[in-house]
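For reference, the structure discussed in these notes is given below.
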Amino acid sequence: MEIPQAHGRPSYDSEKEIWRTLCAYCEAIDTGDLDGVARLWEHGTWPFAAEAGAQAVGRWLDEHVILYDGETHTKHQLTNVVIDVDDEAGTASFTSYASIWQALPDFPLQPIIYTRFNGTFERIGGRIGGRWWWRTLEVMPDLVGDTSRHVRP
């Protein structure tokens, strides 16, 4: 049985590249690679930054994300990910659940937020040789715990 998509047949190569970008975000933020997170937004708008682009994202991350010996001590997990690709237009959207866990020596392992992510991607550089870039992300928190050790207000 084929899963229906808004734009015809699924593009598994494009979906795979977008999925890998979502996973790269989780890996980068969890390991404290804030520059790596910012680079993912070179052509997009981070939901918390005042303007688009990697530099704006980098500034926001440097000002707000708390690092402990260079790491966040978090685990970002994405589930229920649905990616919808329009290969002809070079656009894609996705939805997912995200759960973020954190543990520190004086902060036992616990979920600090459950949220939904809705976002868009755009392929830059054409169908052949182009690359999918994050354009937008909407963060819709469902359950919020103690995020005070992860981000500054």
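The set of residues in the range 121-139 that are open to solvent by less than 50 Å² (accessible area, probe 1.4 Å), without any contact (Cβ under 8 Å) to a residue 60 or more places away in the chain and on the phi < 0 side of the Ramachandran plot contains only Gly130.
In the set Trp41, Trp46, Trp60, Trp101, only one residue is free of Cβ contacts under 8 Å to residues at least 24 places away in the same chain and surrounded by 14 or more Cβ atoms within 10 Å (Cβ to Cβ); that residue is Trp60. Picking from residues in the range 20-56 that are β-branched (Val, Ile, Thr) and within 12 Å of the chain's Cα centre (by Cα), the one that is nearest to Gln77 (Cα to Cα) is Ile29. Which one of these is farther than 19 Å from Asp30 by Cβ and surrounded by fewer than 16 Cβ atoms within 10 Å (Cβ to Cβ): Thr79, Thr95, Thr91? From the options Thr79, Thr95, Thr91, the qualifying one is Thr95.
The values are calculated or read from the model by the stated rules, or taken from the named source; none is laboratory data. Computed from a predicted structure; not experimentally measured. Cβ atoms come from the backbone with ideal geometry, glycine included; neighbour counts cover every protein chain shown. Accessible surface is based on the protein model in full, side chains and every heavy atom, while ligands, DNA and RNA are left aside. Shrake-Rupley method; radii C 1.70, N 1.55, O 1.52, S 1.80 Å.
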